[in-house]
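S.K.: Take a look at this one; I'll ask things after.
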Amino acid sequence: MVSKCLIKANSYYDSVTLMIITKEVEAVTGVENAVVVMGTEHNKELLDNVGLLNDETSSATPNDLVIAVKLVDDGVFEDIVKKVEELLNKRKTDGDEDYCPRTIEGSIKNMPDSNLVIISIPGEYAGVEAKKALMNDKNVLLFSDNVSIEQEKELKELAVKRGLLMMGPDCGTACINNIPLAFANVVKKGNIGIVGASGTGTQEIMVQIDRFLGGVSQVIGTGGRDLKAEIGGLMMIQAIEALSVDEATEVIVLVSKPPAYEVAEKVLQALKKCGKKAVVDFIGGDEELIKKYGFIPATTLEDAAYKAVKLCNNSVEKVNKLECPEFDKPIEEIETLAKSEALKLSNKQKYLRGLFSGGTLCDETLKLFSKNVGDIYSNIPLSPEFKLTNKEKGNNNCAIDLGDDEYTVGRPHPMIDSYGRQQMILKQAEDEEVAILILDIVLGYGSNEDPAGSLVEQIKQAKKVFKARGQYLCVVAGICGTKGDPQVYDEQLSKLNEAGVIAMPSNAQAVRFAIRVLKEVL
Amino acid sequence: MSKVNELFNQDLKVINMGLKSFADELKEQGVSVIHTDWRPPAGGNTKMINLLNKLKSKTK
Amino acid sequence: MNITKNDIVKIGYKARELVLEESNNLIIHSVFQNAFNLICSNDFIVGILNETNVCTTQSLVFKNSVFNNIYDSKLKIGNEFKLFPLNEIKQIEVLDLTVPCLINPNKISRINDNVDKCLRILKKQCNSSIMACYLYGIKTIYTDMLYSKLGVYELNNKSSSLVDIYNRLQNIIGLGVGLTPSGDDFIYGFLTSLFFKYEYDNKDNKEIIKLTENLVKRARTQTTILSYNMLRSCINGEFNESIRKLALEMILSTNTENSLDKVLTIGSTSGADMVAGLLYGFKLLW
């Protein structure tokens, strides 16, 4: 046992910091005992009593901070010193380079030429700060939700008046000047401008455009409620108008859940006025209306991307006749693979279970499944009679949006933290009737550092359980990512393959493949 | 030219307020960003905790 | 820093006196997340706080928005800090933190119930508060020292003389964790109870003022400068607004939950240690 100490002379750190230091130091392997106190006479007496007093600690004065540790071996001490310095510097507030102002006014003063404010504070306070940003002529990305719809209207009207972007509330994805913001992917630069009222919907379109060798000029999020009657598409229209005069943008893509008819008309009229070619994906909404205005509807998010890329070099008439290929791989290969998966399933197995981190990807799955197979349950069902009856484990065919509020109380969102999905995967292993598991693996900034890696243990475990029963669990995953994303795409792919997961390059392909397997057994 | 189009022709200079990970990731990409260490007014921590629970910062 | 009287929510009498008399001699001493300290002659500390904090005789509480603006102006330790115009500060009314007038012998039975209620709630703080552990006989690395210096809690004799009590308290100055070590917070809470008792009994408090002065003199070299200031502010029998309210409610009413909660939020363990001292005082003296 070695006793060592670190003394910070004349140092005043608040009690929370001191507690954190004590806990962190005690948690280091090889630390037997740690005492973090000011160097008063009585504290030195205490240190002596517990065998932590040495010449150095003796010399401390009451206004010095003493961090005394008893170590198994003194090799650990350097790590401790480093850790402590890290923690102390993080909480320094006397004006060094990483100085953070406490108010938006302070930040604006420090960066007067700022042009974008990203806000992710609690909703009840966020609206006020967003307004301050707009009044200071800054564009806003409002990530926070729980902002009232009345406030949203006020903010967007103000933004329109001042000619600014008011992306949100509840806007999770944007990519301005090819810089991914909040939850977004690294996509090649190009001439397609996207305006999205849906987070993962926008992400999927972005990455598919990149995969089809196209690129984006701007990706503007509007927040989930923009196309509701009360807001009337204010920000989507604002974004369309901006893209209409943006020289870099030649093709526009709109994506949103089906809007109210009047709002759809308003938006399409603005798009018409803009004069550029466009693909409109109202995810299962009214296609006729879109065609009426001379734009191209999309059947899936991948399809929207495909058609947008084609539009760059082709006429509307030509693209209208095109269809996004069902699969990347040759159809024979797919059929063989689907058949071989289906063969491994046992008689009892008949259900598909989707576990999603992206709400729109879950929604797309529901739509594809119900169109091609039949009834499917969900916590975000297509119609009320298919509301999930077993929230903890799922029932029948179902696809669950695990990012929905009820699954994220007291837990981080599944795009960041995989705990919820890990547990759900294991629960599916208990059900003999489950045949196929379908997952979305979302890469990009904001997401988990290793989405695939964080799920493979549980996938392997689940497969083991099925095997022990003489059954087989087919696992399909759609990767929403690009080669430019911080999580290395190829590594993510190989992790999935290694775990026996059939990885597809898009959500639509993953769903289609899963449906093919299911159809073989039905 | 609206300010939005001006934005399209400028370098992004971002003020971040809330989740620090957003600022950290922008810094990683070489974007000019200042992080605002916003605090809720007296008390009121529970809402922040709820938001943080929904969206935990990445640990690096 | 240019301010108006409307920017200040509360001010203690000593803070006001220091800001006015030492206006050119206030140096930034330490900076924390919701507060910072100024130091002037004779080692006096003035705390500049935002509204989440508890006001003491030596602190000044700003409105949150004003505090944030001050904070954003990059406080550097060692720099001067000016508050002006002084005329505005002169107009601000001082927060009364003296022990209020209390003579009502009939209420004493309620005190015991309240003390026991608070003790039960304090027990939950035993995972972090050294002095709460002391009261509950829960062993910590400090227990042996506390037993030898303060005496085993259960065995504390009610008839101990005041001098004896003060001597024992002096033995724990500077002992424990925090910028205001646990022992000092305990003493602070105890003194609150003591001064309230003298007021309640309508006794002349000259004796305890003298004893407190002596204790504080020892504290000057035996503890941190911040804690010394905290103890020094007790000499005239004035205490922070939260513990003052708690002590008052414990004597006069049954509803002490909110006040107790407020004190427990002070620092991370300071509040709990103060409450431990307060309850120790009630048990011993009342």
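The values are calculated or read from the model by the stated rules, or taken from the named source; none is laboratory data. The model shown is predicted, which means the values in this text are computed figures rather than measured ones. Note that each Cβ is placed from the backbone with ideal geometry, even for glycine, and that neighbours are counted across all protein chains shown. Heads up: the accessible areas ignore ligands, DNA and RNA and are worked out on the full protein's heavy atoms, side chains in. Shrake-Rupley method; radii C 1.70, N 1.55, O 1.52, S 1.80 Å.
S.K.: Can you give me the solvent accessible area of C:Y200 with a 1.4 Å probe, rounded to the nearest 10 Å²?
M.R.: 20 Å²
S.K.: Past the 29 angstrom mark, what percentage of all C-alpha to C-alpha distances in chain A do you count?
M.R.: 59 percent
S.K.: What residues have an amide H closer than 5 Å to that of A:D145, excluding those fewer than 5 places away on the same chain, when H is modeled at 1.01 Å from N in the peptide plane?
M.R.: For A:D145, the qualifying residues are A:G123, A:D170.
S.K.: For region A:390-423, list whatever residues lose no less than 40 Å² of accessible surface once every protein chain is in place, relative to that chain by itself, with the probe at 1.4 Å.
M.R.: Buried on complex formation: A:P412, A:I416.
S.K.: If you don't mind, there's one more thing I want to ask. From the phi of every residue in region C:241-246, what ³J(HN,Hα) in whole Hz does the Karplus formula 6.51 cos²θ - 1.76 cosθ + 1.60 yield, where θ is phi - 60° and glycine or proline is x?
M.R.: 4, 6, 6, 5, 5, 4
S.K.: Would you mind telling me the share, in percent, of accessible area of region C:35-89 contributed by carbon and sulfur at probe 1.4 angstrom? Numbers along the way, then the final one.
M.R.: Values: 1000 of 2000 Å².
Carbon and sulfur together cover 50 percent of it.
S.K.: Give me the orientation-averaged projected area of the Cα convex hull of region A:142-194, in nm², one decimal.
M.R.: Mean orientational projected area (region A:142-194, Cα hull): 4.2 nm².
S.K.: Next question. Using alpha-carbon positions, what is the distance between the centroids of region C:208-286 and region A:187-243, in Å?
M.R.: Here the answer is 59 Å between Cα centres.
S.K.: Treating only the Cβ atoms of Lys and Arg (+1) and Asp and Glu (-1) as charged, compute the dipole magnitude of chain A about its Cα centre; round to the nearest 20 debye.
M.R.: Dipole about the Cα centre, nearest 20: 1840 debye.
S.K.: If you wrap a convex hull around the alpha carbons of region A:99-239, what volume per residue comes out, as a whole number of Å³?
M.R.: Values: hull volume 14.8 nm³, N = 141.
Spelled out: Cα convex hull of region A:99-239, divided by residues, is 105 Å³.
S.K.: Now a separate question. Ratio to report: Rg/Rh of region A:337-376, with Cα atoms as the point set and Rh obtained by the Kirkwood method; give two decimals.
M.R.: Across region A:337-376, the Cα-based Rg/Rh ratio is 1.04.
S.K.: Please list, short to long, the whole-number percent of alpha-carbon pairs of region A:345-441 in consecutive 5 angstrom bins beginning at zero.
M.R.: Result returned by the calculation: 3, 14, 26, 27, 19, 9, 2, 0.
S.K.: Roughly speaking, what is the stretch gain from A:E449 to A:L343, that is 0.36 nm per residue apart minus the C-alpha to C-alpha distance, in nm to one decimal?
M.R.: Numbers: separation 106, 0.36 × 106 = 38.16 nm, distance 3.51 nm.
34.6 nm is the gain from fully extending A:E449 to A:L343.
S.K.: Same structure again: Got a number for carbon plus sulfur as a percent of region A:138-181's accessible area, 1.4 Å probe?
M.R.: Of the solvent-accessible surface of region A:138-181, carbon and sulfur hold 45 percent.
S.K.: Please work out the C-alpha center-to-center distance from region A:281-296 to region A:320-378 and express it in whole Å.
M.R.: Region A:281-296 and region A:320-378 have Cα centres separated by 24 Å.
S.K.: Ordering B:V31, C:V163 from largest to smallest accessible area (1.4 angstrom probe), what's the sequence?
M.R.: C:V163, B:V31
S.K.: Further, regarding this structure: Could you work out how far apart the two model spin labels at A:A468 and A:D137 are, taking each label as a point 7 Å from the Cα in the direction of the beta carbon, and quote it in nm?
M.R.: About 6.7 nm, to one decimal.
S.K.: Need one word for region A:255-325: rounded, prolate or oblate. Basis is the Cα gyration tensor (sqrt eigenvalues a ≥ b ≥ c); a/c below 1.5 gives rounded, then a/b vs b/c decides. Let's see the in-between values first.
M.R.: Values: a/c = 2.08, a/b = 1.33, b/c = 1.56.
The shape class here is oblate.
S.K.: On to the next question. Enumerate the amide H contacts of A:I400 below 5 Å, restricted to partners 5 or more residues apart or on another chain; note that Pro and chain-start residues carry no placed amide H.
M.R.: For A:I400, whose amide H was placed from the backbone, the distant partners under 5 Å are A:G354, A:L355, A:F356.
S.K.: Nothing charged except the Cβ atoms of Lys and Arg (+1) and of Asp and Glu (-1): what's the magnitude of the dipole of region A:107-209 about its Cα centre? Round to the nearest 20 debye.
M.R.: 420 debye
S.K.: Buried accessible area between A and B (1.4 Å probe, both chains summed, ligands and nucleic acids excluded), in Å² to the nearest 100?
M.R.: 4600 Å²
S.K.: Residues of region C:25-55 with backbone nitrogen within less than 19 Å of a virtual label 7 Å along the Cα-to-Cβ line of C:K76, please, listed as ranges.
M.R.: Only C:25-32, C:36-39 fall inside the zone, counting backbone N under 19 Å.
S.K.: So, one more: Probe radius 1.4 Å, ligands and nucleic acids left out: can you give me the accessible area buried at the A-C interface, summed over both chains, in Å² to the nearest hundred?
M.R.: Values: alone 24040 and 12980 Å², together 34170 Å².
That pair hides around 2800 Å² of surface in total.
S.K.: Something else: Take A:A260 and A:K273, extend 7 Å from each Cα along the Cα→Cβ direction, and tell me the distance between the two endpoints in nm.
M.R.: Roughly 2.0 nm, to one decimal.
S.K.: Over chain A, what is the relative contact order in whole percent, taking alpha-carbon pairs under 8 Å and six or more residues apart? Walk me through the numbers on the way to the answer.
M.R.: Details: 1025 pairs, mean separation 51.6, N = 522.
Relative contact order, chain A: 10 percent.
S.K.: Taking all pairs of distinct Cα atoms, average 1/r, flip it, and tell me the Kirkwood hydrodynamic radius of region A:161-237 in Å to one decimal place.
M.R.: For region A:161-237, inverting the mean 1/r across all distinct Cα pairs yields 12.4 Å.
S.K.: OK, next. Please compute, for peptide A:310-319, the average count of beta-carbon atoms on other protein chains lying within 10 Å of each residue's beta-carbon.
M.R.: 0
S.K.: For region A:313-325, what does the Karplus curve 6.51 cos²θ - 1.76 cosθ + 1.60, with θ = phi - 60°, yield as ³J(HN,Hα) per residue in whole Hz, taken in order and with x for Gly and Pro?
M.R.: For region A:313-325, the Karplus-derived couplings read 10, 9, 7, 4, 4, 5, 5, 4, 8, 8, 10, 5, x Hz, x marking Gly and Pro.
S.K.: Short version: which residues of region A:104-126 lose at least 30 Å² of accessible area, all chains versus chain alone, 1.4 Å probe?
M.R.: When all protein chains are present, A:S107, A:N110, A:M111, A:D113, A:N115, A:L116, A:I118, A:S120, A:I121, A:P122, A:E124, A:Y125 each give up 30 Å² or more of accessible surface.
S.K.: So if I take the alpha carbon set of region A:410-464, get Rg, then get Rh from the Kirkwood formula, what is the Rg over Rh ratio?
M.R.: Rg/Rh for region A:410-464 comes to 0.99.
S.K.: Can you give the angle from 0 to 90° between the axis of helix A:453-468 and the longest principal axis of chain A, with both taken from C-alpha atoms, to the nearest 10?
M.R.: 70 degrees
S.K.: Another one. Go through region A:41-71 and flag every residue whose accessible area shrinks by 30 Å² or more with all protein chains in place compared to the isolated chain (probe 1.4 Å).
M.R.: A:H42, A:N43, A:E45, A:L46, A:P62, A:N63
S.K.: Report the label-to-label distance for A:E457 and A:N110 in nanometres (one decimal), using points 7 Å from each Cα along the Cα→Cβ vector.
M.R.: Reported label-point gap for A:E457 and A:N110 is 3.8 nm.
S.K.: Rounding to the nearest 10 and keeping the result within 0 to 90°, find how far the Cα-based axis of helix A:507-521 lies from the longest principal axis of chain A.
M.R.: 70 degrees
S.K.: Please report, to two decimal places, log10 I(q)/I(0) for region C:245-286 at q = 0.24, 0.27, 0.33 Å⁻¹ as given by the Debye formula with identical point scatterers on the Cα atoms and no solvent.
M.R.: Result of the Debye calculation: -0.81, -0.96, -1.14.
S.K.: To continue, here is another question. Give me the 1.4 Å probe accessible area per residue for the protein assembly as shown, excluding ligands and nucleic acids, in Å². Walk me through the numbers before you get to the answer.
M.R.: Numbers: 34750 Å² over 868 residues.
Heavy-atom SASA per residue in the protein assembly as shown reads 40 Å².
S.K.: Find which of C:C55, C:V177, C:L260 sits farthest along the positive direction of the dipole of chain C, computed with +1 on the beta-carbon of Lys and Arg, -1 on that of Asp and Glu, about the Cα centre.
M.R.: C:V177
S.K.: So, one more: So what's region A:388-522 giving for Cα Rg divided by 2.2 N^0.38 Å, two decimals?
M.R.: Details: Rg = 14.5 Å, N = 135, 2.2 N^0.38 = 14.2 Å.
Normalised Cα radius of gyration, region A:388-522: 1.02.
S.K.: Whose amide H sits under 5 Å from the amide H of A:L388, counting only residues 5 or more places off or on another chain, with H placed in the peptide plane?
M.R.: A:S378, A:N379
S.K.: If you average 1/r over all unlike Cα pairs in region A:116-156 and invert the result, what Kirkwood radius do you get in angstrom?
M.R.: So the Kirkwood estimate lands at 9.9 Å.
S.K.: Output the 0 to 90 degree angle, nearest 10, between the alpha-carbon long axis of helix A:149-162 and the longest principal axis computed from the alpha carbons of chain A.
M.R.: 80 degrees
S.K.: Taking +1 at the Cβ of each Lys and Arg and -1 at the Cβ of each Asp and Glu, which of A:F327, A:V140, A:Q349 sits farthest along the dipole of the protein assembly as shown towards its positive end, judged by Cα position relative to the Cα centre?
M.R.: Looking along the dipole axis, the top candidate is A:Q349.
S.K.: Here's something else I'd like to know. Given just the C-alpha atoms of region A:432-481, how large is their convex hull per residue in cubic angstrom?
M.R.: Per-residue hull volume (Cα only) is 61 Å³.
S.K.: Same structure again: In whole Å and largest first, what semi-axes does the C-alpha gyration tensor of region A:234-275 yield when each eigenvalue is scaled by 5 and square-rooted?
M.R.: Ellipsoid half-lengths, sorted descending, are 19, 10, 8 Å.
S.K.: For A:N313 and B:N9, what does the FRET efficiency come to when R0 = 25 Å and r is the distance between their Cβ atoms, rounded to the nearest 0.05?
M.R.: Once rounded, the FRET efficiency stands at 0.50.
S.K.: What Rg and what Dmax come out for region A:1-151 when only alpha-carbon atoms are used, in angstroms?
M.R.: 22.2, 66
S.K.: What FRET efficiency would be calculated for the residue pair C:I141, A:A27, taking the C-beta separation as r and a Förster radius of 25 Å, to the nearest 0.05?
M.R.: According to the calculation, E is roughly 0.90.
S.K.: Using the Karplus equation 6.51 cos²θ - 1.76 cosθ + 1.60 (θ = phi - 60°), what ³J(HN,Hα) coupling, rounded to whole Hz, does each residue of region A:497-503 give in order, writing x for Gly and Pro?
M.R.: Once rounded to whole Hz, the list reads 4, 4, 8, x, 8, 8, 9.
S.K.: Something else about it: Highest first, please rank the peptides C:177-187, A:425-435 by the mean number of other Cβ atoms sitting within 10 Å of their residues.
M.R.: Details: C:177-187: 29.4, A:425-435: 18.7.
Result, highest mean Cβ count within 10 Å first: C:177-187, A:425-435.
S.K.: On the full set of protein chains, 1.4 Å probe, figure out the accessible area of A:S447 and give it in Å² to the nearest 10.
M.R.: For A:S447, the solvent-accessible surface is approximately 0 Å².
S.K.: Oh, and also: Dividing the convex hull volume of the alpha carbon atoms of chain C by its residue count, what do you get in Å³ per residue?
M.R.: Each residue corresponds to 130 Å³ of Cα convex hull volume.
S.K.: Here's another thing I want to ask about it. What does the helix-only formula give at 222 nm for chain A: each DSSP H stretch with n ≥ 4 adding -39500 (n - 2.57), the total divided by the residues, and the result rounded to the nearest 500 deg cm²/dmol?
M.R.: -12500 deg cm²/dmol
S.K.: Give me Rg/Rg_expected for region A:243-389, where Rg uses Cα atoms only and Rg_expected = 2.2 N^0.38 Å with N residues.
M.R.: Normalised Cα radius of gyration, region A:243-389: 1.25.
S.K.: Hey, any idea what % of region C:139-270's accessible area is carbon plus sulfur with a 1.4 Å probe?
M.R.: 50 percent
S.K.: Just how large is the dipole of region A:1-51 about the Cα centre, in debye to the nearest 20, putting +1 at every Lys and Arg Cβ and -1 at every Asp and Glu Cβ?
M.R.: Taking the Cα centre of region A:1-51 as origin, the dipole is about 140 debye.
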